[in-house]
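Have a look at the structure below, then the notes.
The values are calculated or read from the model by the stated rules, or taken from the named source; none is laboratory data. The structure displayed is predicted, hence computed values, not measured ones. We place every Cβ from the backbone using ideal geometry, glycine too, and count neighbours over all the protein chains shown.
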């Protein structure tokens, strides 16, 4: 697992937006500070924010909206 | 034509429960499953198992056309929806029937009527059931609310007409809050339930949740007595009992008969539950909603009456008339159910998907554990957190509590945290022991640091 990724702490379904009619939390090219919310994980019908544990610029989303993820899976790749 | 094969459009412990009932009736079972449930217990137990797609419910357990196609291809005669998922979806019920299959539950039309909370309230009033004082119809704007609600003291509840099961409800304390939250609630209802319609009800301070089990075959309707489900966390039941301890015989008689009359009036087919709020101080009860499906907590009723509600539901769908007479149904003893969820009560109920290492199931006199767990099972993160239901019967409530306490000690699940620990704390609480609880008791109890 590389150092320049943000991982999901929980397994579940990944969402890039807080609700279907809302814009995504972050887009490719956006800058990210520690503590910023980059997405949600739905686990057992409850929603948990994924917060950045490092700062940088988003190079890529490694997981598509509404994809299933495992705990520890990399979600976002950052340019540091 | 009688049912010889049932497709189970659900998962988890209720799928296991339906397979058991089917096996006892000599009916073969087809279990549909998502990629995440390939190794699940119902898949192992059913006569046939068919993969229906990815883990996300919309692509598998909620995929109506796919499920119906699998039923037709596999030669099923009927579909059992269990609870949740498609169980209260009227268009699914209609589609199943149109495909020439039997839907194990009421008619689509009944589901549609009772699923609309405003319509259900009106029907309840028509049958003589009291409802919580409120708007008696949709409230379309804050101005309209102001003209209707003058006589009510705050707080009030704003409810989604398409909601239910404790979802789509907001407590509002004054007009300022009402004006702010009304549009938000409408948008939320539109997003979550596909219908932004709202209505308003008076907030009852310390109600108890009482419900009545009914069975109908379209001609005959019977009640199978009452349950109490006041122990809830964030409006989700966690501990249920039968019979409801606050009711005396006269009130029990009234509430059960009125619930039965209501179900009869709507021509109810199958197993259903009429839910009420009960104000102990005034001994008044108010209709809340009717759930048009088998409920999670149905076993406590089975334990005190000896009636197998899942088998009865299948038999009714099979076109058989109910052959149980109301006068032959009696309450014997007391039953309690504790829901064992994959949640960590010591960490804000954080979901606990993961690997179950060791398991020890409780047993002995009066103990039943309905579960989909087995040692080595991997609990997937995509579905609700219910792992099993520990159900205990005894001669009376006091001894039932002691028996539950003993059974909880016997239950061992290692590898993940569960709600077993909160039940062990609740069972020693003096108010719980006395049965002195109300619907927000558990939330208050947690806020007051009673669980550490």
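Filtering region B:373-392 to residues that are away from chain A (no Cβ under 14 Å), in contact (Cβ under 8 Å) with a residue 60 or more places away in the chain and within 27 Å of residue B:34 (Cβ to Cβ) leaves B:373, B:374, B:377, B:388, B:389. Please tell me if residue B:331 is over 20 Å from residue B:229 (Cα atoms), part of a loop (DSSP other than H, G, I, E, B) and touching a strand residue (DSSP E or B) at 6+ places or on another chain (Cβ under 8 Å). Criteria not met by residue B:331. Each residue in region B:58-82 was checked for being within 14 Å of chain A (Cβ to nearest Cβ) and crowded, with 19+ Cβ neighbours inside 10 Å, and 2 of them qualify. Taken as a whole, the structure leaves residue B:229 outside the set of residues that are over 28 Å from residue B:423 (Cα atoms) and modelled with pLDDT of 95 or more.
Scanning region B:346-362 for residues that are more than 14 Å from chain A (Cβ to nearest Cβ) and either under 30 Å from residue B:243 (Cβ atoms) or in contact with a strand residue (DSSP E or B) (Cβ under 9 Å, 6 or more places away or on another chain) (or both) yields a total of 7. For region B:11-118, the helices (runs of 4 or more DSSP H) that sit wholly inside it and include 3 or more residues that are over 30 Å from residue B:137 (Cβ atoms) are B:12-24, B:41-45, B:64-73, B:90-98. Check B:136, B:51 and return the single one that is surrounded by fewer than 18 Cβ atoms within 10 Å (Cβ to Cβ) and farther than 26 Å from residue B:202 by Cα. After applying the criteria, what remains is B:51. The residue that is farthest from residue B:388 (Cα to Cα), counting only those in region B:190-234 that are touching a strand residue (DSSP E or B) at 6+ places or on another chain (Cβ under 7 Å) and within 14 Å of another protein chain (Cβ to nearest Cβ), is B:194. Hey, could you check region B:328-344 for residues that are in contact (Cβ under 8 Å) with a residue 24 or more places away in the chain and surrounded by fewer than 21 Cβ atoms within 10 Å (Cβ to Cβ) and say which is farthest from the other protein chains (Cβ to nearest Cβ)? The selected residue is B:330. The listed residues are B:36, B:99, and the only one of them that is farther than 29 Å from residue B:160 by Cα, out of contact with any strand residue (DSSP E or B) (no Cβ under 7 Å at 6 or more places or on another chain) and within 14 Å of chain A (Cβ to nearest Cβ) turns out to be B:36.
Does any residue of region B:347-356 turn out to be modelled with pLDDT under 95 and assigned to a helix (DSSP H, G or I)? Yes, region B:347-356 contains at least one residue that is modelled with pLDDT under 95 and assigned to a helix (DSSP H, G or I).
Within region B:37-47, is there a residue that is under 22 Å from the mean Cα position of the chain (by Cα), over 26 Å from residue A:13 (Cβ atoms) and touching a residue at least 24 places away in the same chain (Cβ under 8 Å)? No, region B:37-47 contains no residue that is under 22 Å from the mean Cα position of the chain (by Cα), over 26 Å from residue A:13 (Cβ atoms) and touching a residue at least 24 places away in the same chain (Cβ under 8 Å). Go through region B:211-247 residue by residue and tally those that are crowded, with 24+ Cβ neighbours inside 10 Å and part of a loop (DSSP other than H, G, I, E, B). Residues flagged as crowded, with 24+ Cβ neighbours inside 10 Å and part of a loop (DSSP other than H, G, I, E, B) within region B:211-247 amount to 1. For the condition at pLDDT below 95, surrounded by 19 or more Cβ atoms within 10 Å (Cβ to Cβ) and touching a helix residue (DSSP H, G or I) at 6+ places or on another chain (Cβ under 9 Å), residue B:120 does not qualify.
Any idea which residue in region B:282-299 is farthest from the chain's Cα centre (by Cα), counting only those that are assigned to a loop (DSSP other than H, G, I, E, B) and touching a residue at least 12 places away in the same chain (Cβ under 8 Å)? In this case the residue turns out to be B:283. Of the residues making up region B:171-184, those that are crowded, with 19+ Cβ neighbours inside 10 Å and either without any contact (Cβ under 8 Å) to a residue 24 or more places away in the chain or within 14 Å of chain A (Cβ to nearest Cβ) (or both) number 1. Being within 14 Å of chain A (Cβ to nearest Cβ), surrounded by fewer than 21 Cβ atoms within 10 Å (Cβ to Cβ) and over 22 Å from the mean Cα position of the chain (by Cα) holds for only one residue in B:412, B:417, B:395, and it is B:417. Taking the conditions (1) touching a residue at least 12 places away in the same chain (Cβ under 8 Å); (2) part of a loop (DSSP other than H, G, I, E, B) in turn, residue B:436 satisfies each one other than (1).
On inspection, residue B:401 does not qualify as touching a strand residue (DSSP E or B) at 6+ places or on another chain (Cβ under 8 Å), more than 14 Å from chain A (Cβ to nearest Cβ), outside any loop (DSSP other than H, G, I, E, B) and over 19 Å from residue B:331 (Cβ atoms).
Residue-level check: of (1) over 26 Å from residue B:87 (Cβ atoms); (2) free of Cβ contacts under 8 Å to residues at least 40 places away in the same chain, residue B:351 misses just (1).
Does residue B:171 satisfy the condition of being assigned to a strand (DSSP E or B) and more than 30 Å from residue B:264 (Cβ to Cβ)? It is true that residue B:171 is assigned to a strand (DSSP E or B) and more than 30 Å from residue B:264 (Cβ to Cβ).
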